[in-house]
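Q: Pasting in a structure now, in structure tokens, and then I'll have a few things to ask.
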Amino acid sequence: MRWDEVEELVRAALTREVQEASAGLAGLETRVIQALARRPLRRSFLERLRAFFAQPVPRWALVGATCALLLGFALGRLTAPRPIPAYASNLFVIAAPGARAVAVVGDFSAWQPIPLSDPDGDGIWTAVIPLPPGRYEYAFLVDGKWVGQDPLAHEYLRTFGEYVSVRYVGGSGADRSS
């Protein structure tokens with residue numbers, strides 16, 4: 001068999017296949033349009049939202065939602081924490097609920113403990129220590145346990161295997177944190 005004979009046989013086979021398949025393509029456009037017309041119309045988000053709110057709502061649902069909203073607002077107002085006082089560089093604060101004794105130690109006190117107080121028993125221990133401008137290293141002692149990382153510190157150092165906090169007090173009455 002020669003190449004031109006093979007090419008002629010392939011061409012004839014392809015022609016037959018196309019003619020047989022073209023019968024299936026007749027009316028394809030009409031069938032596609034009819035199938036698309038049978039599909040349900042997808043409404044936009046805004047239309048679906050309008051339809052949702054157009055449905056009748058039972059009065060008990062409105063009353064319940066209003067009561068829940070008012071109760072939530074009232075509870076939020078009643079249980080909201082007191083505002084935190086303005087931060088000052090000479091105010092040392094630590095949250096230690098349940099602690100019996102809290103103190104601050106630092107280079108400003110030759111690492112001798114200065115007790116903090118919690119007069120209202122809410123677990124927030126404070127002390128006001130007047131400090132001249134400068135750089136100060138300090139840590140807290142909570143029931144004798146060293147707590148060297150104060151969230152209000154400007155930075156931390158690790159010395160002798162323990163962390164200490166560092167606080168800067170500004171020279172012109174302004175802290176470095178302001």
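The values are calculated or read from the model by the stated rules, or taken from the named source; none is laboratory data. Only a predicted model underlies this, so the values are computations on that prediction, with no experimental measurement involved. Neighbour counts are summed over all protein chains in view; Cβ atoms, including those assigned to glycine, are modelled from backbone coordinates with ideal geometry.
Q: Kindly indicate which of L91, L78 is surrounded by fewer than 14 Cβ atoms within 10 Å (Cβ to Cβ), modelled with pLDDT under 90 and touching a strand residue (DSSP E or B) at 6+ places or on another chain (Cβ under 6 Å).
A: L91
Q: Here's something else I'd like to know. So which residues in segment 101-132 are more than 34 Å from the chain's Cα centre (by Cα) and charged (D, E, K, R), if there are any at all?
A: Hit for segment 101-132 is D107, nothing else.
Okay, residues lined up against (1) polar (S, T, N, Q); (2) at pLDDT 85 or above:
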{"site": "R2", "(1), (2)": "no, no"}
{"site": "A21", "(1), (2)": "no, no"}
{"site": "A26", "(1), (2)": "no, no"}
{"site": "Q34", "(1), (2)": "yes, yes"}
{"site": "E47", "(1), (2)": "no, yes"}
{"site": "A68", "(1), (2)": "no, yes"}
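Q: To continue, here is another question. Please identify the pairs in which a residue from segment 112-135 that is under 13 Å from A96 (Cα atoms) has its Cβ atom under 8 Å from the Cβ atom of a residue that is acidic (D, E), counting only partners at least 6 apart or on another chain.
A: These pairs meet every condition: I124/D118; W125/D118; T126/D118.
Q: Does D143 count as touching a strand residue (DSSP E or B) at 6+ places or on another chain (Cβ under 6 Å) and either buried (at least 19 other Cβ atoms within 10 Å of the Cβ) or touching a residue at least 12 places away in the same chain (Cβ under 8 Å) (or both)?
A: Against the criterion (touching a strand residue (DSSP E or B) at 6+ places or on another chain (Cβ under 6 Å) and either buried (at least 19 other Cβ atoms within 10 Å of the Cβ) or touching a residue at least 12 places away in the same chain (Cβ under 8 Å) (or both)), D143 does not qualify.
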